[in-house]
Amino acid sequence: MRKRIFQIIEISDNASILGTFYDCIMIVAITASLVPLAFKADHTVFIFIDYSTVGIFIIDYLLRFITADYKFRKKSISSFARYPFSFYAIIDLISILPSLTVLHSGFKLLRLLRMMRAFRGLHIFKVLRYSKSMRIITAVFQKQKLALVAVGTLAIGYILVSALVVFNVEPDSFETFFNAIYWSTISLSSITYGEIYPTTTVGQVVSMVSSLVGIAIVALPTSIITAGYIDEINGDNSDEYKSKNSGEP
């Protein structure tokens, strides 16, 4: 029974009629859940949509949890312990919790969920599960995560170093170290808003160097993701070609 449920809820290129129907229901629910976010007023119909869709999301979360051993292909309790910490499970849970405000009157601790209402917009990320292109991009991030982490570490390190340099070179222009970090971040990405900027010659030289280095650092993750995406597409097309021609003599 659980295996059949997994086959229905799991995304597949060869989905059955029930699987396709389930996917359509989820896409409609995700789209509908975003409608109330476009309005400030809490109309009755929006409240109904909110609770109806979150009910569907809760059922979907539970179904995926009880079939986690099939997803991770490991018949052990570790699969069920691992699932809540997977990317999509976290997205699902964060998008569900803010809608449970109906419980606030009975449980004071759950009033903290009011601060999480902004996360309701994460419903849109649930669509990633139903998009082949987004699944490919997710696979790219997973395969290239070490390279992306290295680039991210390099960027953070350079931001901190630039901030320290400009903070000590121009103490009058930057009241706090956070201001220097803010300036360094927007300079690294070659975006400036004009509210904070160096005024001395040394500070301006630091700003020019930061912008030039920023171009290279920003380009690195773009090239890594592009190369990984192309490899993933080529691999997917190759697998599809082999599958189509597997019956040839």
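The values are calculated or read from the model by the stated rules, or taken from the named source; none is laboratory data. Since we're looking at a predicted model, the values are computed, not measured. Glycine also receives a Cβ, built like all others from the backbone with ideal geometry; neighbour counts cover every protein chain displayed. Heads up: the accessible areas ignore ligands, DNA and RNA and are worked out on the full protein's heavy atoms, side chains in. Shrake-Rupley method; radii C 1.70, N 1.55, O 1.52, S 1.80 Å.
Listed values, structure above:
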item	result
Odd one out for ASP23 among (1) in contact (Cβ under 8 Å) with a residue 40 or more places away in the chain; (2) open to solvent by 50 Å² or more (accessible area, probe 1.4 Å); (3) under 26 Å from SER133 (Cα atoms)	(2)
When residues of segment 9-34 are limited to those that are under 20 Å from the mean Cα position of the chain (by Cα) and outside any helix (DSSP H, G or I), the one modelled with the lowest pLDDT	ILE11
Any pair with Cβ under 8 angstrom, 6 or more apart, that starts in segment 155-174 at a residue that is touching a residue at least 24 places away in the same chain (Cβ under 8 Å) and ends at one that is among the aromatic types (Phe, Trp, Tyr)	VAL166/PHE174; VAL166/TRP183; SER173/TYR197
Considering residues of segment 136-182 that are surrounded by fewer than 16 Cβ atoms within 10 Å (Cβ to Cβ) and charged (D, E, K, R) only, the residue farthest from ILE233 (Cα to Cα)	ASP172
Every pair of residues 6+ apart whose Cβ atoms lie under 8 Å, when the first sits in segment 29-55 and is under 15 Å from ILE96 (Cβ atoms) and among the aliphatic types (A, V, I, L, M) while the second is open to solvent by less than 70 Å² (accessible area, probe 1.4 Å) and not in a helix (DSSP H, G or I)	VAL54/LEU100
Residues located in segment 183-208, provided they are at pLDDT 80 or above, within 23 Å of LEU154 (Cβ to Cβ), in contact with a helix residue (DSSP H, G or I) (Cβ under 8 Å, 6 or more places away or on another chain) and open to solvent by 50 Å² or more (accessible area, probe 1.4 Å)	THR185
Lone qualifier among LEU63, LEU37 - being in a helix (DSSP H, G or I), within 22 Å of MET134 (Cβ to Cβ) and modelled with pLDDT under 85	LEU37
